[in-house]
1. Kindly provide the GluC sites (Glu not before Pro) of segment A:112-182 that DSSP labels as loop, not H, G, I, E or B, and whose Cβ sees at most 13 other Cβ atoms within 10 Å.
2. Over 20 Å between Cα atoms: which of A:79/A:130; A:31/A:53; A:125/A:145; A:36/A:68; A:36/A:94 fall into that group?
3. Cut-off under 18 Å on the C-alpha distance; same-chain residues fewer than 8 positions from residue B:36 excluded. Which aspartates and glutamates are left, in chain and number order?
4. Mind sorting A:80, A:231 by how few other Cβ atoms lie within 10 Å of their own Cβ, fewest first?
5. With only alpha-carbon atoms counted, please give the Rg and Dmax of segment A:369-408, in Å.
6. With each pseudo-label sitting 7 Å past Cα toward Cβ, what's the residue A:296-residue A:395 distance in nm, one decimal?
7. Please work out whether segment A:226-348 counts as rounded, prolate or oblate from its C-alpha gyration tensor, where a ≥ b ≥ c are the square roots of the eigenvalues and a/c under 1.5 means rounded, while otherwise a/b larger than b/c means prolate and anything else oblate?
8. Let me have the relative contact order for segment A:307-415, percent, based on Cα pairs under 8 Å that are six or more residues apart.
Amino acid sequence: MYPKKVYSLYDLSRSIRNLFRGHASQTYWVKAEILKLNYYEQSGHAYPDLVDKQKDTLRAQFKSTIWKANFNAITAKFKDIGEALKDDMTIVAKISVNYHSVHGLSLNILDIDTDYTLGELARKKQEAIKALKQEKLFDLNKSLKLPLLPKTIAVISVQSSKGFGDFEDVIARNPKQFQFHYKLFPAVLQGERAITSISRQIQVISQYPKLFDAVAIIRGGGDEVGFSAYDDYSLAKNIATCPLPVFTGIGHSSNRTVTELVSYKSFITPTKLAEFLVEQFDVVQQNLSSYIRNLEKQVRSDLNATTIELQNLNKLFEVYTLNRLRQQNTALSQLELQLIRNTNRYLERHSGYMDVLQQKLKLLDPRQTLKRGFSITTRNGKTVFDAEGLKPGDTLNTTFYKGSIESEVKTKSKS
Amino acid sequence: MKTKTYTEAYTELQKIVEDIENAEINIDDLEAQIKKASELLKICKDKLYKTEENVLKRIEEIKAYKI
């Protein structure tokens, strides 16, 4: 007989199971980090690796299970707060401790407290947002004016990163071959170091605000770890106060980080960011084309209007000119008539005067007097007006209306 | 005689017509004035005719312009 008391592995497991039986019905709230979620879509169950780390030292690790029904309920709760269970997430979970003779010790997760998961980071994030808003920095970068053609870009990225590659690709292959210029300012983009690294480059770029049209922070590929850096207050403040519009394309799919919120414009991928830049050129080009078309249309319509105006003016010109000529014609004809009429009148008037004169002359003719029985006496050819000077014996000639006589003065009577 | 403008000739003609109307012309000068009036009238008519002719020609030209 074997000298030592030996148990089968099964016996051992049974006795350990008995040890845990007392705990099986009990539940506890436990804080832990999900190292890996290990969700299986087909079965609907998840087998998260739970750890407890202090600094980078592992203090505890457990396998755990979330059965389908619980998983669905928890997922629904997280969806309500805009979150999802994922790797590297710290949770407070309601668990029971189980022991299985084959699968060993594991924690059965019954529930996860969403309030905690919003957690420290979220609280920090909210605090950062609140502070930035209070300091009027939150919308500061958005209030900057993006040049019509953002063609010179200061890029904060990593030369070898997939995100920067995507960005370069879109720029280089833009269909209309718009010319962009960009300069890379290398920076660490992940983890705590990203905060100071990006901030430093923003400060360098800020010294040359006239050289660049905008800043683009580009990150893409790699794990979504250490993302909390982008919720950091000091980094967000550096971005908000940058004198140039800051674009972000940091390839982050869930909630937007504070950095993205304060930036001039954020894009879900570096590709989208590059496409936006190209689109600005496209829009300007399209606007220009449409301006040219409108200008042409306007000029044509103006020309048409002017043509019609000119034609009307032409017509009026013709009418007025001909009217003026006709008026002048009439005036001239009237003047001619007047000349003839006035001349006739003038002549008539003058011939009237002649008639009167003739009449007067007729009346003055001495024969007319003689006719009425008067006679003219002359002596030595001179008309006698006075008897004085005449003496008896003088010869007088007397002329009558008809005939004349010669006589001698006999006596002179006293007058 | 120096060529007169239409306006000059017309004004002068008007003056003669008025003078005759108001009998401000000596009968001795009447013939001379009438002669002058007929010359002025001829100037006016010629000018008016030529002007009309030219204007009509221009109007035809204008109408022929392609706009």
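A short reminder: the numbers here are calculations on the coordinates, not readings from a lab. As the structure is a prediction and not an experimental result, all values here were calculated from the model. Here the Cβ positions follow ideal geometry from the backbone for every residue, glycine too, while neighbour counts run over all protein chains shown.
1. Working: sites: A:120, A:127, A:135, A:168; in loops: A:135.
In loop regions of segment A:112-182 (DSSP not H, G, I, E or B), the sparsely surrounded GluC sites (Glu not before Pro) are A:135.
2. A:79/A:130; A:125/A:145
3. Within the straight-line limit of under 18 Å, residue B:36 reaches these aspartates and glutamates: A:336, B:8, B:12, B:18, B:19, B:21, B:24, B:28, B:46.
4. Details: A:80 9, A:231 24.
Result, fewest neighbours first: A:80, A:231.
5. Radius of gyration, then largest Cα-Cα span, for segment A:369-408: 10.4, 29 Å.
6. 13.2 nm
7. Values: a/c = 12.09, a/b = 5.38, b/c = 2.25.
Prolate shape, in that a/c is at least 1.5 and a/b is the bigger ratio.
8. Computed value for segment A:307-415: 15 percent relative contact order.
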